[in-house]
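S.K.: One structure follows; several queries about it will come next.
The values are calculated or read from the model by the stated rules, or taken from the named source; none is laboratory data. Treat the numbers as computed from the prediction; the structure is a model and nothing was measured. Because the Cβ atoms are built from the backbone with ideal geometry, glycine has one as well, and the counts that use them run over all protein chains shown. The accessibility values were calculated without ligands, DNA or RNA, using every heavy atom of the protein model including side chains. Shrake-Rupley method; radii C 1.70, N 1.55, O 1.52, S 1.80 Å.
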Amino acid sequence: MKLILAIVQDTDAPGLTKALLERGFQSTKLASTGGFLREGNTTLLIGVEDERLEEALEVIREKCRTRTRLVTPGVPLAEAPDPFLAQPVEVQVGGAVVFVLPVERFFKV
Amino acid sequence: MKLILAIVQDTDAPGLTKALLERGFQSTKLASTGGFLREGNTTLLIGVEDERLEEALEVIREKCRTRTRLVTPGVPLAEAPDPFLAQPVEVQVGGAVVFVLPVERFFKV
Amino acid sequence: MKLILAIVQDTDAPGLTKALLERGFQSTKLASTGGFLREGNTTLLIGVEDERLEEALEVIREKCRTRTRLVTPGVPLAEAPDPFLAQPVEVQVGGAVVFVLPVERFFKV
Ligand code: NI
Ligand code: NI
Ligand code: NI
């Protein structure tokens, strides 16, 4: 048994949780902030059998991959004489920090 | 030293914390949601000496045991022509998911 | 790789996070309450390379050391006939409970 501790962006958490559950991996969500990722992240605890560890990590890599998104800055036109400021800009989203911890014992009550 | 990470129902958390403290086990509560248990759960961190691990786990098993509770559905009588709907129903409460993690070092400042 | 799980007072968390970051240690903050310390504490997760573990622990010891602070009880003078009650009193602040956990694998997405 391993305990995966995955710190992911808030925006990726619901999709990741759903994808994990579809494969039978249950997760518990802890509220967290700052540090490893930008503000607004979620720490997920996921207990997995050793033989399914790679599969669970693969889901995390897939659902939290770093990608870019086009964002149009919310600058009022009147205040943005430079038209460049109103152009959409690419921002990076996603990413995850993942720790795999050994588990000595695991049980359900 | 071991670190017990116990995910329990919110409703069981105060009783468990109290029972642990009566035996000298301190716990720290993290807010958590979803996943291993129904919505509304709490993750407790409990550091224990190896020789008292079984005792702490026993308290968790006792205080979080799965049991049923009779709940009367809150259905207005006028809207429940079928009297069966107004009967109390058994719901399952309790339960816990428990990970025991090895600790390499532990200290207090 | 090690995962440091440090339960510290809320009041010490920002200074600790800042001091860690100045040395390149990123941390993730989990909301927590009660137990190991008085109400109002924060659990920090800090992933560190083995060879920098001592350095990170030293920052925690420095920033969370137990110390006393003079507090003047907020007792209205009219209700405090005993002048002793209006004297500043020493309260203890700081302190931390620190677990160092082994990490089997660590990666960033
Ligand atoms: Ni195992
Ligand atoms: Ni030990
Ligand atoms: Ni290592």
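S.K.: Which is more than 7 Å from every other protein chain (Cβ to nearest Cβ), open to solvent by 60 Å² or more (accessible area, probe 1.4 Å) and at pLDDT 95 or above, of A:79, A:58, A:90?
M.R.: Testing whether each residue is more than 7 Å from every other protein chain (Cβ to nearest Cβ), open to solvent by 60 Å² or more (accessible area, probe 1.4 Å) and at pLDDT 95 or above leaves just A:58.
S.K.: Looking at B:17, B:72, B:68, B:43, which is the one that is modelled with pLDDT under 85, at negative phi and away from ligand 3 (no atom under 16 Å from the Cβ)?
M.R.: That would be B:72, the only listed residue that is modelled with pLDDT under 85, at negative phi and away from ligand 3 (no atom under 16 Å from the Cβ).
S.K.: Something else now. Checking the structure you have, find out if any residue of region C:23-39 is open to solvent by less than 60 Å² (accessible area, probe 1.4 Å), more than 10 Å from chain B (Cβ to nearest Cβ), in contact with a helix residue (DSSP H, G or I) (Cβ under 6 Å, 6 or more places away or on another chain) and modelled with pLDDT of 85 or more.
M.R.: Yes, there is a match, as at least one residue in region C:23-39 is open to solvent by less than 60 Å² (accessible area, probe 1.4 Å), more than 10 Å from chain B (Cβ to nearest Cβ), in contact with a helix residue (DSSP H, G or I) (Cβ under 6 Å, 6 or more places away or on another chain) and modelled with pLDDT of 85 or more.
S.K.: Next question. Looking at region B:92-109, I want the residues that are closer than 13 Å to residue A:104 by Cα and have a partner that is among the acidic types (Asp, Glu) and surrounded by fewer than 22 Cβ atoms within 10 Å (Cβ to Cβ) with Cβ atoms under 7 Å, at least 6 apart or on another chain. Which pairs are those?
M.R.: B:100/A:104; B:101/A:104; B:102/A:104
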